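Here's the structure we're looking at; comments come further down.
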Amino acid sequence: MTLDVAWALRWVRRSAEVVAEHRIELIELDRQIGDGDHGENLHRGYTAVVARLDALDAPPAQVGDVLKLVATTLMSTVGGAAGPLYGTAYLRAAKVTGLDELDAGAVVAMLEAGLEGIVARGKATTGEKTMVDAWSPAVAAAVAAADQGAEPGAVLDAAAQAASSGAEATIPLVATKGRASYLGERSAGHADPGATSTALLLHAAADAATGTGPA
Amino acid sequence: MTLDVAWALRWVRRSAEVVAEHRIELIELDRQIGDGDHGENLHRGYTAVVARLDALDAPPAQVGDVLKLVATTLMSTVGGAAGPLYGTAYLRAAKVTGLDELDAGAVVAMLEAGLEGIVARGKATTGEKTMVDAWSPAVAAAVAAADQGAEPGAVLDAAAQAASSGAEATIPLVATKGRASYLGERSAGHADPGATSTALLLHAAADAATGTGPA
Amino acid sequence: MKKLINDPARVVDESVEGFGWAHADLVTVHRDPLYVVRADGPVQGKVGLVSGGGSGHEPLHAGFVGAGMLDAAVPGAMFTSPTPDAIAPATLAADGGRGVLHIVKNYTGDVLNFETAAELAEADDVEVRTVVVNDDVAVEDSLYTAGRRGVAGTLCVEKIAGAAADRGDDLAGVAAVAERVNANVRSMGVALAAGTVPHAGVPSFDLTESEIEIGIGIHGEPGRRRVPMASADEITEQLTGPVLQDLGLGEGEQVLLFVNGMGGTPLSELYVVYRRARQLVEAAGASVARSLVGSYVTSLEMQGASVTVLRLDEELTALWDAPVRTAALRW
Amino acid sequence: MKKLINDPARVVDESVEGFGWAHADLVTVHRDPLYVVRADGPVQGKVGLVSGGGSGHEPLHAGFVGAGMLDAAVPGAMFTSPTPDAIAPATLAADGGRGVLHIVKNYTGDVLNFETAAELAEADDVEVRTVVVNDDVAVEDSLYTAGRRGVAGTLCVEKIAGAAADRGDDLAGVAAVAERVNANVRSMGVALAAGTVPHAGVPSFDLTESEIEIGIGIHGEPGRRRVPMASADEITEQLTGPVLQDLGLGEGEQVLLFVNGMGGTPLSELYVVYRRARQLVEAAGASVARSLVGSYVTSLEMQGASVTVLRLDEELTALWDAPVRTAALRW
Ligand SMILES: Nc1ncnc2c1ncn2[C@@H]1O[C@H](COP(=O)(O)OP(=O)(O)O)[C@@H](O)[C@H]1O
Ligand SMILES: Nc1ncnc2c1ncn2[C@@H]1O[C@H](COP(=O)(O)OP(=O)(O)O)[C@@H](O)[C@H]1O
Ligand SMILES: [Mg+2]
Ligand SMILES: [Mg+2]
Ligand SMILES: [Mg+2]
Ligand SMILES: [Mg+2]
């Protein structure tokens, strides 16, 4: 089994749904250790993504085209820290997915490129209580799953689950990057909003892989 | 029995006490239908009056001297509507009490002069929900008591009680003078702060008449 | 109550002292009695302008002392009119030999205290005229004999009369200009939440999360009616409608539109109100020639805003545009 | 939440539209993408100055667009950095042929979005330099690698760099002046009560009646520590002490003292804070040569204040004094 452009479209639409569903939760997380806009920012961004998808005359041909549309839309509508970070992640991912279909290796490459993009822009390493703490274990889990011959969908599943654990594991951390770092010790005890949204978006990718209907 | 300068001094000090005791109550009344400062204004004024009394080298010779000190101090420290109104009341009262001792007739003249001063400045008539609604029945009661041959202390007592009833009777009124008039119909249901403080001050005068100690 | 103060009894003194230090190039603070005068005053040969009133409305009035506006301001206690013993010396200090105009907001306390002060100053041979500002359409003049209150329109009177004095008008002339501004300016305000007077310690009135107070004054007095919370556009319509109607604004007229914050409302929201108010002025066939948006006539940290419209003509426009150099208004 | 808004999603657009109407003599508002430019710009032969950031800090930045200060401002969503697709065209619109300085407050989001925008503008042959403002001593630089935040000191950078551009400095010169201001300015703030972001609907953080938050940022982020409510003098000492210490202010130096309101604090209280801060500066042996008091770098209707001290020299003083003509700062 491989993942095609219909999967990519399902992923995007499912992403918009989960962001809408978790908007308040993400705002609340960001209110605890940031400025309370993360859910609003992503919601504004994904609403714009869906609007631009709907406005297309012809559906995108390749997975990479879909991801590029997501990248440029997020960059121009999300703002804040998450906008350029997610935007760069999708842009780098788009560059390695100029393909009709993704096999397990291509899924891994996509996730690796995304993580590289985030690190290139934000310069965070793991343990700094950022979205990197979700992306990093996600990539590791994806690599491991692909090595064991998993299907693309299962690779995404492994990545999503690892991202969730990673997000969970940010709770005790003291932030040293991003806005939460201003709180010092007081940032401990709350999950990082960006790590949490990363897990949601990767679960959306995995869900989209099990889905079958048209995008 | 007559009332002397010692009485006047007791009256002033007792006034300062009751104003302090009722400061919060008067603020709260004014908060309901005004701007919440009446208790604070009078408290500031009477604190200054007592300070100026304490600072005198020689005690005032006549009742009128005491009332004049009250008048000028209230005028220069109370501000708001109550400052000039009470200030003028005491000033006019001082003018007719340039005496060593007040008999019942002089007490009546003093109260009449006070009321005239308030009406001259504020141009309110009875029923407009102002301090006039306490002063007016107070003067009437004082006249009636003096006519029946009451002692000065009893005249003040009658005046104070009438002022209390007058203040109480302002509750259902709709204000048409002063700040409470801006509320229109909504000013009904609350006692007027100035009428209430008038009753307190006249009770202080009556209480001072029964007191005997030096001022 | 949480406030950046030391002692409710000293907040006005300390605040005005700080004000004097911060703006020593513009003003001199006189203490005991407390009043604020132009650092370079009195200006000989110019009519003096004095205003004042309870504190808690900053920058009104001390923030408007300086070239082109007031010569002296007299701050009373919080929300409490100042006393004649402060107003009178401020009046003498503002006199440059051509008399002094008292600009008084229409509240019983202010009127009475300025009245006495004017008598005192005249006893010292300073000619005093008084203009009583009453721009608040929330109060219906005919029904309530205390008359309409003076609110944000006071700024317009002070600015424009200040410019008239600056160009050399005599006392009668400056007073006439001030009266003309007062006759052509109307305001109405709303509160979303009351401010807290330091000595009271509790908000001046209580509003639930779902109600607002329309027709609010600037002294924490409750307004004329309590209505359900609504959108900024709807609220702005409730304020601007009565203002335009009372002003009888006609087709083709030019106005100054002034959206004033009550102290606790973000500037961004004031511009949302301004936007709708401007649409309404234009829908009435008038055009907005001048604008002012900001928290100038406040009620401590009250949340809310007021809409003021001043009918302009060529002269008033020129006087509005004339240079002004004060702590809070400057061009 | 009660606010004078129509729709949380439209508050920035409507507010900036109103701002543009009110100040059409000074600015032109470009919509979609949203940015604000000088009405008379770009000024040929002058280095352009562009700033921006999340909305909710008004009058920062759009209120500082005009002669002597910014050439363009880019307002993001509430508390959310604007996006490169708005910053880049604003940069092009601000270019008078001598390059553009980006003045960026040090937040990850602002830095990243301005970074991308600078690349885009340079691809269009506009030379861009960036100064990242980080004046907030509440954040200890060494411990937290996101570094100190940019807060009220941003106003000083924008004003003084604007004057440097106005006198004809080239891009490197303007950038150097901006860096010098940033190196010599420090701030620290306090919140008594948080503001409410419209889309969130609840205050950014919760404080009880008896606690305050010291070291607050301007984005509703909680501060460094929560302490019991204290007097204005004590709170001012907690703010000014670290500022003076970090600045290493010496005997005989001259400073600009800027007391900034967070949006929901009465001006009278800001002057109480100013009074004590000034005493502390003077106790440190320095003297206050210039002052600014007002709500200029706000956090919606947050109650609180910040103290900013800028070490002055002759050049910076002259640049501070140079004329400025914007909606919010003018002399
Ligand atoms: N330097 C960084 N590297 C990686 N992720 C970061 C960095 N800084 C912030 N983030 C992520 O961005 C999230 C915040 O996003 P958002 O709230 O949208 O932006 P802002 O902080 O500008 O308000 C954080 O929860 C964190 O995961
Ligand atoms: N025109 C008037 N005539 C008589 N009394 C008045 C008049 N206006 C106001 N008052 C009295 O003054 C009281 C309010 O005093 P105070 O609160 O000290 O002044 P302010 O209204 O200026 O805040 C009212 O309760 C009323 O009794
Ligand atoms: Mg955020
Ligand atoms: Mg009162
Ligand atoms: Mg009062
Ligand atoms: Mg943000």
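Values quoted throughout were computed directly from the atomic coordinates according to the rules given, and no laboratory measurement underlies them. In this text the structure is predicted, and so the values were computed from the model without any measurement. Note that we place each Cβ from the backbone using ideal geometry, even for glycine, and neighbour counts take in every protein chain shown.
Here are a few things to note about the model shown:
- Applying 1/(1 + (r/R0)^6) with R0 = 56 Å to the Cβ-Cβ distance of D:D313 and B:T210 gives a FRET efficiency near 0.15.
- A crude spin-label estimate for the pair C:E119 and A:A188, with each label 7 Å from Cα along the Cβ direction, gives 7.2 nm.
- DSSP-defined beta bridges in the stretch C:9-183 - what % are antiparallel, rounded to 5: 25
- Kirkwood radius and radius of gyration were both taken over the C-alpha atoms of chain D, and their ratio Rg/Rh is 0.95.
- Between C:D25 and D:A24, the FRET efficiency from the beta-carbon distance, with R0 = 30 Å, is close to 0.45.
- Exposure proxy for A:S136, B:S165, B:S76, D:S295: other Cβ atoms within 10 Å of each Cβ, ordered fewest to most, give B:S165, B:S76, A:S136, D:S295.
- Tail beyond 55 Å, pair distance distribution of the protein assembly as shown (Cα, percent): 24
- Using the Cα coordinates of the stretch C:185-321, the gyration tensor eigenvalues translate into equivalent-ellipsoid semi-axes of 27, 16, 12 Å, sorted from longest to shortest.
- Convex hull volume per residue for the stretch D:9-183, taking Cα atoms only, in Å³: 98
- Rounded to the nearest 500, the helix-only mean residue ellipticity at 222 nm of chain D stands at -10500 deg cm²/dmol, with each DSSP H run of n ≥ 4 adding -39,500 (n - 2.57).
- Chain B, helix-only ellipticity at 222 nm - DSSP H runs n ≥ 4, -39,500 (n - 2.57), divided by all residues, nearest 500: -22500 deg cm²/dmol
- Helix B:104-122 vs. chain B, principal-axis angle (Cα, 0 to 90°, nearest 10): 40
- The translational diffusion coefficient of the stretch D:97-240, from Stokes-Einstein at 37 °C and 0.692 mPa s with a Kirkwood hydrodynamic radius over alpha carbon pairs, comes to 194 µm²/s.
- Label distances, nm, A:T210 versus same residue in remaining copies, Cβ-directed 7 Å point: 8.8
- The residues C:T208, D:T298, A:T130, when put in order of fewest to most other Cβ atoms within 10 Å, stand as C:T208, D:T298, A:T130.
- Legend: distances between Cα atoms for A:K68/A:K177; D:K46/D:K159; A:K95/A:K123; B:K123/C:K105; B:K68/C:K105; pairs beyond 24 Å are A:K68/A:K177; B:K68/C:K105.
- Using a 7 Å projection from Cα along Cα-to-Cβ, the label point at D:T317 is separated from the same position in the remaining copies by 4.2 nm, smallest value first.
- Cut-off under 5 Å, modelled amide H: who pairs with B:L102 long-range: B:L3, B:D4
- Other-chain or far-sequence residues with amide H under 5 Å of C:I216's (modelled H): C:G189, C:V190, C:A191, C:R224
- Distances in nm from C:E179 to the matching label points in the other copies, shortest first (labels 7 Å along Cα to Cβ): 6.5
- Largest first, the extents of the alpha carbon coordinates of the stretch A:1-90 on the three principal axes equal 41, 24, 24 Å.
- Distant-in-sequence amide H partners of C:V128 (H built 1.01 Å from N, under 5 Å): C:V100
- Förster radius 35 Å - calculated FRET efficiency between D:D7 and A:E101, Cβ distance, rounded to 0.05: 0.25
- Electrostatic dipole magnitude of the protein assembly as shown [Cβ: Lys, Arg +1; Asp, Glu -1; Cα centre; debye, to 20]: 400
- Chain D: relative contact order in percent, alpha carbon pairs under 8 Å with at least 6 residues between: 18
- Relative contact order %, the stretch D:185-321, counting alpha carbon pairs below 8 Å whose residues are six or more apart: 33
- Restricting the calculation to Cα atoms, the stretch C:157-209 yields a radius of gyration followed by a Dmax of 18.4, 51 Å.
- Radius ratio Rg over Rh of the stretch D:203-281, counting only Cα atoms, Kirkwood formula for Rh: 0.98
- All C-alpha pair distances within chain A, sorted into 10 Å bins from zero, spread as 10, 38, 37, 13, 2, 0 percent across the bins.
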